[in-house]
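So the structure is just underneath, and the comments pick up after that.
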Amino acid sequence: MSREYSEQEIIRRDARAQLDAAGVSPYGYSWDVNNRAATILATFDESKHQPVEGVAPVPFRVSVAGRVMSMRIMGKAAFFNLQDDSGKIQVYISRDDLPEGYYNTIFKKLVDIGDVIGIEGFVFKTRVGEVSVHAQKFEILAKSLRPFPIEKEQDGKVFNEITDKEYRYRQRYVDLVVHPEVRRTFKQRAKMVSTMRAFLDAREYVEVETPVLQPIYGGAAARPFTTQHNALDMKLYLRIADELYLKRLIVGGFDGVYEISKDFRNEGLSRFHNPEFTMMELYVAYKDYNWMMDLVEEMIEHIALALHGSTDLQVGDNTISFKRPWKRVPLLDAIEEKTGENLAGKSRDELAAIAKKLGIHVEHSMGSGKIIDEIFGEFVEPHMIQPTFITDYPIELSPLAKKHRSKEGLVERFEAICNGKELCNAFSELNDPDDQRARFEDQVGLGMRGDDEAMQLDEDYLRALEYGMPPTAGLGIGIDRLAMLMTNSRSIRDVILFPLLRPEVETEAASEPNE
């Protein structure tokens, strides 16, 4: 079904028809690019390339391509800004440099802001000192049939019309064109991931791939997305974590494996949550959670230095230091410090009473661990700005972690908290198959009581453990959360190119749901 066009779209479509009628293709096939805007601006040498009395200039010939972002037509000549992936450069084009009639009938009349064009010519400096390209040839490579938001200037600053966050997330392609800083954010994210990968590869950990579609979901406390495999007539789940498959590989003899993967959790949207997200999970044999804390500190410090040349980063209103060592605080100690309540050794009913006294709603389905986690999330986590390891969690909260070697009822687990949110989660991994079975059975019981995030019992994983898994340290880092910190981004949607959004027909004003 065809849609109605705006007045501006009608004008542009008419220009496209005129190009076709004139035998000028509005959609080219290729262009031989040999330079980019930033390179030209950085390498132009006026003493070498500009005419100087008594010295013959060396022509700095270039072929560039990009999008027309602004235009000033002055009779027989025009200036316009051409934007490519590296930045913008001014282009000068004159009627006398083009085939007869081409300037007036094609360029001046039918080229619009937003069109992608190719330019050949030489570089020079204008009278006001701006490095520019004098175009001697141009070709339309892609006609823009929709108008882009127009750049405006006020008080010496350039800005554009996009202020609606929802519009920017939904039409990310427009956002990327008109906001070069958004492209920089995603380039930083890419560099962050490649730096992490190089850090792990240098230690000879093997990058692997595990199933996205799983017959039994596990490795985290979360609700899954379900689907149906028609040929096998079986229900499958999009993975909520990679953990149980990666630990099967440790059983199989790998000393260290990791995966950077998409995971999926059927949960709400917020500034810190997207149902599809990226995780890095790492498992290393013969190590424990103390060793893993050291590795996390080293890796995150290394990433900060690689991206910013410093371990101190400005994140919102806070200056965060990723310099080692980070503070380490047991979970129950952190809670007592903030609330004055000592939760050690308390029964489920005692914990529920304390939580209610603190103003926290307690559901019937919540066990002791969940209640403690709610108290931590309300009174401790939001106030932890500098990176801190919170250690030694209740056993009920951590059905895949090894029992603490000296603290009854706890496990050897840590979370790194930074800027008020969890950054990573790690264990000394449980490798006793009988203990693991009992933990899974406890989770099944929680599920029967109404906990829809409880884990399932995975018989194949238990079978793998029965063959013997070495002592192992495991780690999961939220790539999106880390990218938020490393790029000083307020929302997870700012570091995911195409975040999940409500259906467009239901969307009204821009919003950040469930913040």
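Assess whether Ile140 counts as being among the β-branched types (Val, Ile, Thr) and at pLDDT below 95. Please lay out each step first, then the result.
On the way: among the β-branched types (Val, Ile, Thr): yes; at pLDDT below 95: no.
Against the criterion (among the β-branched types (Val, Ile, Thr) and at pLDDT below 95), Ile140 does not qualify.
Being among the charged types (D, E, K, R) and at pLDDT 95 or above is the requirement here; does Glu466 meet it?
Numbers: among the charged types (D, E, K, R): yes; at pLDDT 95 or above: yes.
Judged against the criteria, Glu466 is a match.
If I ask for residues that are at pLDDT below 95 and either open to solvent by less than 40 Å² (accessible area, probe 1.4 Å) or part of a loop (DSSP other than H, G, I, E, B) (or both), which ones from the range 45-68 would you list?
Asp45, His49, Gln50, Pro51, Glu53, Gly54, Ala56, Pro57, Val58, Pro59, Phe60
Pull out all pairs, ordered by first then second residue, where Cβ-Cβ is under 7 Å, the residues are six or more apart or on different chains, the first lies in the range 456-482 and is at negative phi, and the second is part of a strand (DSSP E or B) and open to solvent by 50 Å² or more (accessible area, probe 1.4 Å).
Final answer for the pair search is Arg481/Lys421.
In the range 390-420, which residue that is within 12 Å of Leu331 (Cβ to Cβ) and basic (Lys, Arg) is modelled with the lowest pLDDT?
Only one residue tops the list, namely Lys407.
Consider Leu249 against the criteria (1) within 19 Å of Ala464 (Cβ to Cβ); (2) open to solvent by 40 Å² or more (accessible area, probe 1.4 Å); (3) in contact (Cβ under 8 Å) with a residue 40 or more places away in the chain; (4) not in a helix (DSSP H, G or I): it satisfies all of them except one. Which criterion is unmet?
(4)
Any chance you could count how many residues in the range 437-453 are charged (D, E, K, R) and in a loop (DSSP other than H, G, I, E, B)? Walk me through it before giving the result.
First pass over the range 437-453, keeping only residues charged (D, E, K, R): 437, 439, 441-442, 449, 451-453.
Subsequent filtering for residues that are in a loop (DSSP other than H, G, I, E, B) retains 449, 451-453.
Residues meeting the conditions: 4.
Which of the helices (runs of 4 or more DSSP H) found entirely inside the range 304-420 contain at least 3 residues meeting this: open to solvent by less than 40 Å² (accessible area, probe 1.4 Å) and among the small types (Gly, Ala, Ser)?
Values: elements: 331-339, 348-357, 368-379.
Correct list: 368-379.
Could you list all residues from the range 279-301 that are of a type in the set (Ser, Thr, Tyr) and open to solvent by 40 Å² or more (accessible area, probe 1.4 Å)?
Of all residues in the range 279-301, those of a type in the set (Ser, Thr, Tyr) come to 283, 286, 289.
Matches in the range 279-301: Tyr286 only.
Would you confirm whether any residue within the range 440-458 is under 30 Å from Tyr173 (Cα atoms) and either modelled with pLDDT under 95 or in contact with a helix residue (DSSP H, G or I) (Cβ under 6 Å, 6 or more places away or on another chain) (or both)?
So far as the range 440-458 goes, no, none of its residues is under 30 Å from Tyr173 (Cα atoms) and either modelled with pLDDT under 95 or in contact with a helix residue (DSSP H, G or I) (Cβ under 6 Å, 6 or more places away or on another chain) (or both).
Which residue pairs have Cβ atoms under 8 Å apart, sit 6 or more places apart or on different chains, and have a first residue in the range 375-387 that is closer than 15 Å to Asp317 by Cβ and touching a residue at least 12 places away in the same chain (Cβ under 8 Å) and a second that is outside any loop (DSSP other than H, G, I, E, B) and among the polar types (S, T, N, Q)?
Qualifying pairs under 8 Å: Ile385/Asn318; Gln386/Ser321.
For the range 421-436, which positions are part of a helix (DSSP H, G or I) and modelled with pLDDT of 95 or more? Full working, then the answer.
We begin by selecting, within the range 421-436, every residue part of a helix (DSSP H, G or I); these are 433-436.
Result: Pro433, Asp434.
Assess whether Asn34 counts as being at pLDDT 95 or above, out of contact with any Asp or Glu (no Cβ under 9 Å at 6 or more places or on another chain) and closer than 18 Å to Ile140 by Cα.
On the way: at pLDDT 95 or above: yes; out of contact with any Asp or Glu (no Cβ under 9 Å at 6 or more places or on another chain): yes; closer than 18 Å to Ile140 by Cα: yes.
For Asn34, the condition - at pLDDT 95 or above, out of contact with any Asp or Glu (no Cβ under 9 Å at 6 or more places or on another chain) and closer than 18 Å to Ile140 by Cα - is met.
Looking at Thr210, is it in contact with a strand residue (DSSP E or B) (Cβ under 7 Å, 6 or more places away or on another chain), open to solvent by less than 70 Å² (accessible area, probe 1.4 Å), closer than 25 Å to Ala426 by Cα and modelled with pLDDT of 95 or more?
Values: in contact with a strand residue (DSSP E or B) (Cβ under 7 Å, 6 or more places away or on another chain): yes; open to solvent by less than 70 Å² (accessible area, probe 1.4 Å): yes; closer than 25 Å to Ala426 by Cα: yes; modelled with pLDDT of 95 or more: yes.
Judged against the criteria, Thr210 is a match.
What do you reckon, is Asp20 charged (D, E, K, R), within 15 Å of Leu145 (Cα to Cα) and surrounded by fewer than 16 Cβ atoms within 10 Å (Cβ to Cβ)?
It is true that Asp20 is charged (D, E, K, R), within 15 Å of Leu145 (Cα to Cα) and surrounded by fewer than 16 Cβ atoms within 10 Å (Cβ to Cβ).
Looking at the range 256-278, is at least one residue open to solvent by less than 60 Å² (accessible area, probe 1.4 Å), at pLDDT below 95 and not in a loop (DSSP other than H, G, I, E, B)?
Yes, the range 256-278 contains at least one residue that is open to solvent by less than 60 Å² (accessible area, probe 1.4 Å), at pLDDT below 95 and not in a loop (DSSP other than H, G, I, E, B).
Kindly evaluate Ala42 against the criterion of being more than 21 Å from Glu139 (Cβ to Cβ), aliphatic (A, V, I, L, M) and either surrounded by fewer than 12 Cβ atoms within 10 Å (Cβ to Cβ) or free of Cβ contacts under 8 Å to residues at least 40 places away in the same chain (or both). Lay out the reasoning, then the answer.
Values: more than 21 Å from Glu139 (Cβ to Cβ): yes; aliphatic (A, V, I, L, M): yes; either surrounded by fewer than 12 Cβ atoms within 10 Å (Cβ to Cβ) or free of Cβ contacts under 8 Å to residues at least 40 places away in the same chain (or both): yes.
So Ala42 fits the description; yes.
Return the pairs, sorted by first residue and then second, in which the second residue is in a helix (DSSP H, G or I) and of a type in the set (S, T, N, Q), the first residue lies in the range 332-355 and is farther than 16 Å from His383 by Cβ, the beta carbons are less than 7 Å apart, and the residues are 6+ apart or on different chains.
Every condition considered, the pairs that remain are Arg348/Ser368; Leu351/Ser368.
The values are calculated or read from the model by the stated rules, or taken from the named source; none is laboratory data. Since we're looking at a predicted model, the values are computed, not measured. FYI the Cβ positions are ideal-geometry reconstructions off the backbone, even for glycines, and counts take in every protein chain you see. Areas reflect the complete protein model, heavy atoms only, side chains present, ligands, DNA and RNA absent. Shrake-Rupley method; radii C 1.70, N 1.55, O 1.52, S 1.80 Å.
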